Amino acid sequence: MNNFWVLAGFEFKKIFRRKTFPAAIIICLGIMAVAVFSSLSGGSFHHSVGNDISKYEAMELDKAVILTNRGYITPQLVYRAILSNREMISDEENYFVNEYGSHLKEDAYIRYILPYEPVIELLNKVYAEDMDWLSMDALSLVYLGEDKAVDRLGPEQAESFDADLRDFARAMVFRDKGLSGAEREKNLELIDSIETPLYSDYYGGYEAYIMGSKSLAITVLFMILLLLSPLFSNEYEEKTDQVILCTKNGKGSLCRAKLFVALVVSLLSAVLVMGLSWLGFLMLYGFQGGRVNIQVVNPGCSYPFTLLEACCIHFISVVFASVLFGALIAFMSARVKRSTAPVVVMGTLLTIIPMFIWIPLKSSGFMYELLKFFPVNSVTFDFDRSFIEIFGVLFTPYKFIWAVSAVLTAAFSSMAAVSFKGHQTG
Amino acid sequence: MELRIDRVSKQYKNKLAVDRVSMNLHEGVYGLLGENGAGKTSLIRMVCGVLKPTGGSISFDGLDVGDEEYRALLGYLPQDFGYYPEFSAQDFMYYMASLKGLNRAGARARTRELLELVSLNEVAKKKIKTFSGGMKQRLGIAQSLLNDPKLLVLDEPTAGLDPKERVRFRNLIARLGQNRIVLLSTHIVSDVEHIAGRILLMKEGRLLHQGSLEEITQVIQGKVFECLTNEEGVQALTGRCPIINYRSEGDKVFLRFVCEGEPPAGAEEVPAGLEDLYLYCFSESERYE
């Protein structure tokens with residue numbers, strides 16, 4: 001391999017010895033720590049109200065209550081949840097009144113609602129009277145209205161819940177105006193494959209990870225930008241290109257070694273930052289929640305996944321996006337004439353600008369899908385209902401993005417190699 | 001062993017840096033002389049394959065400049081190149097050795113040998129950022145020799161070296177030229193005069209003269225004079241002839257100059273040297289400071 005491994009070792013050495021390396025690591029660790037711990041310190045936990053305890057202790061107490069009803073959302077569980085809510089609302093002692101109106105007391109919430117919290121939140125969404133109050137964001141579906149559907153549910157809903165859940169998901173599909181007929185069909189197929197009864201558990205760790213995942217993934221992209229921008233351009237900037245490009249392995253093995261290092265750095269950045277953060281969230285909140293169906297969090301989602309599967313798919317998406325971004329940065333680094341600065345500027349713009357562009361599906365399906373291919377968008381938890389249609393064949397977006405990312409990574413890597421080999425000194 | 005440069009040109013946007021230069025080089029030391037902007041560095045970069053010619057071809061024993069085998073036979077010390085400041089001299093040499101295709105054992109042995117040759121063995125493990133300009137230059141020379149090149153291209157190799165080191169390196173380069181082609185580009189005429197078997201004089205992208213010292217200086221033999229004169233004599237000559245040397249000696253001035261026409265009275269013809277030719281060729285534009 002013409003000293004490939006030795007050269008790769010030296011390329012790692014160059015990265016590790018640059019001043020940007022410790023800076024990137026410190027910033028990254030800082031963001032990871034802030035993301036993990038701020039999720040706890042900024043969280044609101046029912047047991048913290050009126051008790052002089054830490055947020056962590058409050059979260060642990062909340063969790064212990066929720067875990068009492070972990071398991072499948074059977075008709076019996078739904079029934080108990082409806083009854084518990086009915087018992088609560090029938091007793092005025094559970095409420096206090098102030099100038100703003102009547103409010104539920106925290107101890108009543110802990111006693112009647114918290115043990116069934118995932119189920120009751122699900123019921124409020126599935127049986128919401130006005131679907132315009134539903135807001136879908138990342139994996140979550142939030143009900144923004146004041147009306148609590150569970151207050152008017154009777155025991156009969158316990159029996160029909162699974163069928164009602166599917167009806168709700170189907171209704172969400174038909175409300176989506178931008179979908180084609182084939183996409184609707186595909187969504188309905190997916191909804192049919194959702195296994196019921198759903199599984200419920202405490203999923204605070206997964207929820208916190210999902211909430212923090214976008215900022216963590218952007219951190220990965222910026223880390224890659226900082227570490228890989230000088231990959232080729234530093235040779236031009238420091239004028240070492242003259243001596244390396246005229247050596248036997250300067251245009252072959254060295255180029256391959258640099259691209260290999262770019263791939264490894266991108267991959268490791270994604271795996272370590274996302275993996276360690278994920279682990280951090282789970283260690284803080286507990287490892288429960290992996291088996292929870294997405295529909296418990298977002299009943300409007302068509303995909304039959306658990307939270308663990310969804311997080312794994314997202315994790316792989318971040319890895320693919322990071323490797324693609326690494327190859328893109330390597331290409332830009334090889335393409336510039338001299339300095340590293342334009343690579344950093346262009347990389348930053350490429351990361352930031354697509355975040356602020358949003359085109360509704362109903363306006364332009366093509367542009368809507370195209371934007372998903374930018375690394376900064378492909379790292380979003382995206383289990384929406386659109387599919388990528390090519391010559392009448394529907395492709396699942398995340399799988400298609402992985403495939404396209406792999407192809408683009410190979411293309412950018414080849415173009416980086418061509419640019420470096422053809423670089424003219426002076 | 002032959003380096004064939006065949007009608008090589010390099011055109012930048014609006015400047016022709018090298019204009020159809022042709023030459024065939026064989027074993028020995030070749031001194032490439034020329035003023036700034038004459039096209040020396042462009043020519044050297046094209047010979048080293050780091051700059052693409054606009055026209056013409058370069059080959060070494062039939063190997064094209066773009067071939068990996070060509071690069072395997074090449075050693076290059078650029079005029080102004082960077083080092084990795086955080087690397088030690090030893091690391092840098094190992095890195096260059098792996099780029100040049102040496103195996104681990106070969107890299108270690110050759111690094112030790114060459115760092116000793118350039119007197120950097122004591123500081124082999126020190127970071128390059130702590131090195132002086134001269135030390136960096138010596139490291140540059142050492143790296144260019146790592147693969148025992150058959151074609152050694154040195155751009156200003158003695159720049160930054162003190163006189164003692166310069167003489168040492170001159171001798172080393174002369175020795176290296178015994179079984180390889182050494183192409184040496186420099187501004188220091190005495191370096192070329194001492195070690196180059198053949199001299200290549202470039203001006204405005206063209207090869208003006210080439211040959212041995214004796215052959216090349218034939219151009220101005222009989223045109224170099226020395227005289228002892230006064231200020232009026234100096235005034236009369238300045239602007240008419242290129243002054244090679246000017247030295248005050250009491251109330252008189254010693255002058256060495258090149259004169260194509262009738263020399264002033266009292267001037268004595270002396271044998272021409274390379275410096276005379278260089279100044280003669282390159283002072284036309286400044287006629288004659």
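A compact table of results
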item: Inter-probe distance in nm under a simple model that places probes 7 Å from Cα toward Cβ, at residue B:175 and residue A:12; result: 3.9 nm
item: Once the Cα gyration tensor of the range B:3-216 is diagonalised, semi-axes √(5λ) in Å; result: 28, 19, 16
item: Degrees, to the nearest 10: B:89-99 long Cα axis against longest axis of chain B; result: 80 degrees
item: Mean Cα-pair separation over length for the range A:1-150, i.e. relative contact order, pairs under 8 Å, 6 or more apart, %; result: 16 percent
item: Cα centre as origin, Lys/Arg/Asp/Glu Cβ charges: the range B:113-176 dipole, Debye; result: 160 debye
item: Sparse-neighbourhood loop sites, GluC sites (Glu not before Pro) in the range A:68-102 - DSSP loop, at most 14 other Cβ within 10 angstrom; result: A:99
item: Convex hull volume per residue in cubic angstrom - Cα atoms of the range A:270-426; result: 144 Å³
item: Filtered trypsin sites (Lys or Arg not before Pro), the range A:174-276: DSSP coil and at most 11 other beta carbons within 10 Å; result: A:177
item: Isotropically averaged projected area of the protein assembly as shown, using the convex hull of Cα atoms (one quarter of hull area), nm²; result: 45.0 nm²
item: For B:82-90, mean number of other protein chain Cβ atoms within 10 Å; result: 4
item: Among B:177, B:242, B:259 the positive-end extreme of the charge dipole of the range B:154-289 (Cβ point charges); result: B:177
item: Percentage relative contact order, chain A, counting C-alpha pairs under 8 Å, at least six apart; result: 21 percent
item: Per residue accessible area in Å² of the range A:142-221, where ligands, DNA and RNA are left out and the probe is 1.4 Å; result: 43 Å²
item: Gyration tensor verdict on the range B:218-288 (Cα atoms; rounded if a/c is under 1.5, prolate if a/b is larger than b/c, oblate otherwise); result: prolate
item: Spin-label model distance (nm) - residue B:86 vs residue A:287, 7 Å beyond Cα toward Cβ; result: 3.7 nm
item: In the A-B interface, the accessible area buried, summed over both sides, Å² (probe 1.4 Å); result: 2800 Å²
item: Test item: A:10-20 mean partner chain Cβ contacts at 10 Å; result: 3
item: Ordering of B:245-252, A:125-132 by burial proxy (mean other Cβ atoms within 10 Å per residue, highest first); result: A:125-132, B:245-252
item: Calculated FRET value between residue B:235 and residue B:214, using beta carbons and R₀ = 30 Å, to 0.05; result: 0.30
item: Listed residues B:152, B:25, B:228, most fluctuating in chain B (Gaussian network, C-alpha, under 10 Å); result: B:228
item: Positive-end residue of B:213, A:81, A:66, charge dipole of the protein assembly as shown with Cβ unit charges; result: B:213
item: All Cα pairs of the range A:157-199, percent lying beyond 11 Å; result: 66 percent
item: Of the chymotrypsin sites (Phe, Trp or Tyr not before Pro) in the range A:309-390, those whose Cβ has at most 14 other Cβ within 10 Å and which sit in DSSP loop; result: A:358
item: Debye, to nearest 20: dipole size of the range B:3-216, +1 on Lys, Arg Cβ, -1 on Asp, Glu Cβ; result: 480 debye
item: Span-rule helices in chain A, defined as complete DSSP H runs reaching 15 Å or more along the axis (Cα) with Kyte mean at least 0.0; result: A:4-17, A:20-41, A:55-67, A:75-90, A:204-228, A:253-285, A:307-335, A:341-352, A:397-421
item: Residue B:108 versus residue B:54: modelled label distance in nm, points set 7 Å from Cα along the beta carbon direction; result: 5.1 nm
item: Using a Förster distance of 56 Å, the FRET efficiency for residue A:164-residue A:272 (Cβ separation, nearest 0.05); result: 0.85
item: Unpartnered cysteines - no second Cys beta carbon under 4.7 Å - across chain A; result: A:28, A:255, A:301, A:311, A:312
item: Fraction of alpha-carbon pairs over 26 Å apart in the range A:59-213 - percent; result: 32 percent
item: Assigned charges on the beta-carbon of Lys, Arg, Asp, Glu; the protein assembly as shown dipole about Cα centre (debye); result: 2480 debye
item: Sequence-separation-based contact order of the range A:1-74, relative, with Cα cut under 8 Å and 6+ spacing, percent; result: 16 percent
item: Efficiency of FRET between residue A:147 and residue A:403 - r from beta-carbon atoms, R0 45 angstrom, step 0.05; result: 0.55
item: Gyration tensor (alpha-carbon) shape descriptor, the range A:1-76, a/c threshold 1.5; result: oblate
item: Cα-based Rg of chain A normalised by 2.2 N^0.38 Å, two decimals; result: 1.16
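The values are calculated or read from the model by the stated rules, or taken from the named source; none is laboratory data. Predicted, not measured: the structure shown is a model, and the values here were computed from it. Counting neighbours? That spans all protein chains shown, and the Cβs are built from the backbone with ideal geometry, glycine included. The protein model used for the area step is the full one, side chains on, heavy atoms only, and it has no ligands, DNA or RNA in it. Shrake-Rupley method; radii C 1.70, N 1.55, O 1.52, S 1.80 Å.
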